[in-house]
Structures are given as structure tokens and as C-alpha cells.
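Participant: Before I ask anything, let me first share the structure, which is written out below as C-alpha cells.
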Amino acid sequence: MKSSVTLSLVNEARGGPFVYWSDVREACKEAKALGFTGIEVFAPGPEAFAKSEAAKIASDHGLKIAALGTGGGWVLHQWTLTSPEEKVRTNARDFIARMIEAGAPFGAPAIIGSLQGRHSEAVDQAKAHAYLEEALIYLSQKAKSVGTVLLFEPLNRYESNLIRTVEEGMVLISKVGESGSLKLLCDLFHMNIEETNIAEALRKCGAMVGHVHLADSNRKPAGLGHTDFQPIAAALKDIAYQGFISAEALPLPDSSKAAKHTIDCFNRYFKG
Ligand code: LER
Ligand code: MN
């Protein structure tokens, strides 16, 4: 398993669960010194990602881009794949398609998290699922065509009402198909809220685990809550997961200490 840490380039997302903020060079320098392998970037969009030169700066520091978050499309524009408005759904889909293309040259998959949206009075559950499935077919084909994968993230009940558990995510993937190009992002914070047993859920997910977000039970850095990481790491080892364990945690008590807590947890439980 490989270690990664998040970097947000979206100022409007302040208060969110990202370890590093804004300064790409400083984040990469510190992440490398602590022993991380990758950095996950939350950018306002594909153009801002390119302009930030995050891929080059990461590479100069011997770091990989672990993944690209697309939640900027929600934070900055309120786009979602399940909006009642067709134009908004299309904007969300096209934004994700361009993020897929932006990450592909660096082997960085795009993440669909908050852009999945939710069902509501305006869009009932069946319709929201139909919109989501349609978008995922299009986007996973796009990912396949540019030689990458797409990551879909189940979110806890306070953030969405569509796909909350890993098992629901697996059902969704089995409906959408596009073999191998759509995988699940298993976020340990969401799983702490929704799963009966986090380790068992990961075991069942097996090869469909495409990425892991690491945070403690309270979204603080690993080690500052009550999640027991030992059985979780054992499950990931049992399913031979070799992807990133990427810290998506609040920058508490500050970014540097959050990164240090994370890498200590990674080295203790997940390394190798
Ligand atoms: C937000 O809670 C989260 O987990 C993100 O990865 C989704 O965009
Ligand atoms: Mn997450």
C-alpha cells in the first residue's frame, strides 16, 4: 500500500478535510520529507490544476499524484450529476470528464464524491439513481478510453442519500459495468458511520477497492479518534490492496502535525 496526503487548492473549501492548503511546493516538500509516496489534489478545475503545476512540482519531489478530487465543481458551482436541471447535470458530467482527462497523463484517477448529489423532492430516488448510472456509464467509458480508472465514493447519510455503504456501491458498479474502469473509493470516515464492520466490508469489496481515504472516526488525522486501524489494515492486506491510503483529514492541530499523525499511522499499520 502507498501513502498519500491531500492538498486543497480551493480556498472556498476552507474548513474541509484537507491536510495541506494552497502552497503546492511547501506541501510536496514536507510530504516527501515525511515519507509519503503521493499527493491527492483537490483543485478548482482542470485548468487550475494545470496552472498550479502540481503534477510537475510533485514529480520534482519524487511524488505521484494519487488522485484528483472533483468536489470543486460542487463547492464553486453547485453542479451535481443528479440535479433536477439538465444543464447542471451536464456541467457536472463534463467537469468530471475534463478532470479524468487532466489526471490521466499522470496516472491519477478522478474521484466522484460530492458531485454525485442527492435525491430530493424534485428528483425522486429512482430518477436520481438513473441519472447517476447514466453519467457513470459515460464517465467510466471516458476513463477507459484515456487509460485510467474512475473512482466512485459512497458518502455517509449527512452528505448524501444515494449510495452510503460499500455494498451499495458494489451494486451500483455491477449495474454500470464498464469492466475494470470504475472502482470504489472507500473512505474510512464515511465507513465508520455507515458500515456494520469496516474490515468485513473491505474484504467483500475485494478487487473493487480502488482508493482509500484515511481519517479517524471524527475526521481528525488517524490516531486522534477511536477507529481501530489494525483490523482494517489486515483486511486490506488480505485482499492484496496495493493502492493509495490517502489522508483526507482535518488539518488539526495544524497541517504539519496532521501529516505527521497520518504517516505514523500509515507506517504502523498499512505499510508494505
Ligand atoms: C467528503 O466527505 C469526502 O469524503 C470527499 O472525498 C468527497 O468529495
Ligand atoms: Mn473522502
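Participant: Count charges around TYR20 for me, please; just the other residues with Cβ under 15 Å from its Cβ, Lys/Arg as +1, Asp/Glu as -1. Mind dumping the intermediate values first?
Facilitator: Details: positive: ARG14, ARG25, LYS29, LYS32, LYS257, LYS260; negative: ASP23, GLU26, GLU30, GLU40, GLU248, ASP254.
Counting the neighbours of TYR20, the net charge comes to 0.
Participant: At what distance in nm do the modelled label points of VAL146 and ASN218 sit from each other, each positioned 7 Å from its Cα along Cα→Cβ?
Facilitator: Distance between the two pseudo-spin positions: 3.9 nm.
Participant: If you don't mind, another one. Looking at the chain from every direction and averaging, what is the projected area of its Cα convex hull in nm²?
Facilitator: So the mean shadow area of the Cα hull is 12.4 nm².
Participant: Evaluate 2.2 N^0.38 Å with N set to the residue count of the stretch 136-272, then give the Cα radius of gyration divided by it.
Facilitator: Details: Rg = 14.9 Å, N = 137, 2.2 N^0.38 = 14.3 Å.
For the stretch 136-272, the normalised Cα radius of gyration comes out at 1.05.
Participant: Give me the net charge of LYS237's neighbourhood, meaning all other residues with Cβ under 12 Å from the Cβ of LYS237; Lys, Arg count +1, Asp, Glu -1.
Facilitator: +1
Participant: Work from the charge dipole of the stretch 2-270 (Cβ charges, +1 for Lys and Arg, -1 for Asp and Glu, about the Cα centre) and give the residue of HIS119, VAL24, ALA199 farthest towards its positive end.
Facilitator: VAL24
Participant: Oh, and also: Using a probe of 1.4 angstrom, how much of the accessible area of the chain is carbon and sulfur, in percent?
Facilitator: 50 percent
Participant: Another question about this same structure. Among PHE95, VAL41, THR80, whose Cα projects farthest towards the positive end of the dipole of the chain, with charges put on the beta-carbon of Lys, Arg (+1) and Asp, Glu (-1)?
Facilitator: Going by the charge dipole, the pick is VAL41.
Participant: Net charge near THR165, counting Lys/Arg +1 and Asp/Glu -1 over other residues with Cβ under 15 Å of its Cβ?
Facilitator: Within the 15 Å Cβ shell, the charges total -4.
Participant: Could you report the stretch 2-270's accessible area per residue, 1.4 Å probe, as an integer in Å²?
Facilitator: Value returned for the stretch 2-270: 41 Å² of accessible area per residue.
Participant: Heavy atoms of the protein only, probe of 1.4 Å, neighbouring chains included. What is the accessible area of HIS190 in Å², nearest 10?
Facilitator: For HIS190, the solvent-accessible surface is approximately 10 Å².
Participant: Which entries of LYS51/LYS87; LYS87/LYS220; LYS51/LYS183; LYS29/LYS237; LYS56/LYS220; LYS56/LYS142 have Cα-Cα distances beyond 31 Å here?
Facilitator: Numbers: LYS51/LYS87 27 Å; LYS87/LYS220 36 Å; LYS51/LYS183 28 Å; LYS29/LYS237 29 Å; LYS56/LYS220 29 Å; LYS56/LYS142 24 Å.
Violating the 31 Å limit, Cα to Cα: LYS87/LYS220.
Participant: Looking at the stretch 99-177, which chymotrypsin sites (Phe, Trp or Tyr not before Pro) are in a loop (DSSP not H, G, I, E or B) and have at most 15 other Cβ atoms within 10 Å?
Facilitator: TYR158
Participant: In debye to the nearest 20, how big a dipole does the chain give about its Cα centre with +1 on each Lys and Arg Cβ and -1 on each Asp and Glu Cβ?
Facilitator: My answer is approximately 580 debye.
The values are calculated or read from the model by the stated rules, or taken from the named source; none is laboratory data. None of the values given here were measured: they were computed from a predicted structure. Note that each Cβ is placed from the backbone with ideal geometry, even for glycine, and that neighbours are counted across all protein chains shown. Ligands, DNA and RNA are stripped out before the accessible areas are found, and what is left, the full protein with its side chains, is counted by its heavy atoms. Shrake-Rupley method; radii C 1.70, N 1.55, O 1.52, S 1.80 Å.
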